[in-house]
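Worksheet: one structure, shown below.
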Amino acid sequence: MSLVVDASVAIAWLFHTERADLARRVLRRVVEDGAAVPSLWRLEVANALRNAVRRERCDEGYAARCLERLGRLPITIDLETAARAWGPTRWLSSMPGFGCAASRGFG
């Protein structure tokens, strides 16, 4: 597993966005190979779905089904996210060429 997924990608799986093709490719890779997510991922996804319900993009039933589907994916939560955020993670993110798959046109 070498893929790290953030909440914005997960939400793109659930709602049609301008990055739908990229999101589908990432989802296929997650299904095949698994992925890691930061420890805040579940909170961020839950918050995005709550906001989607408030903005009437979906109803509570859809939000609940989305969480069930996401829960079945082979995703590992990185329990060290917070402990490393201000050290190695911050350092790594400053390296040239480091960025999200969407900004590089993941392929």
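Taken together, the values in this text are just the output of simple stated rules run on the coordinates, not laboratory data. Keep in mind that what you see is a predicted model, and the values were worked out from it rather than measured.
Okay, here's what the table says:
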read-out: Listed values (i) 19.9, 69; (ii) 14.4, 43; (iii) 15.4, 46, entry calculated as Rg and Dmax of the Cα atoms in Å; value: (ii)
read-out: Contour excess over end-to-end distance, with Cα ends at TYR62 and THR89 and 0.36 nm allotted per residue; value: 6.3 nm
read-out: Mean separation of Cα contacts under 8 Å, 6 or more apart, over the residue count of region 7-102: relative contact order %; value: 33
read-out: Computed log₁₀ I(q)/I(0) - Debye formula, equal Cα scatterers, no solvent, region 1-51, q 0.18, 0.19, 0.30 Å⁻¹; value: -0.55, -0.61, -1.19
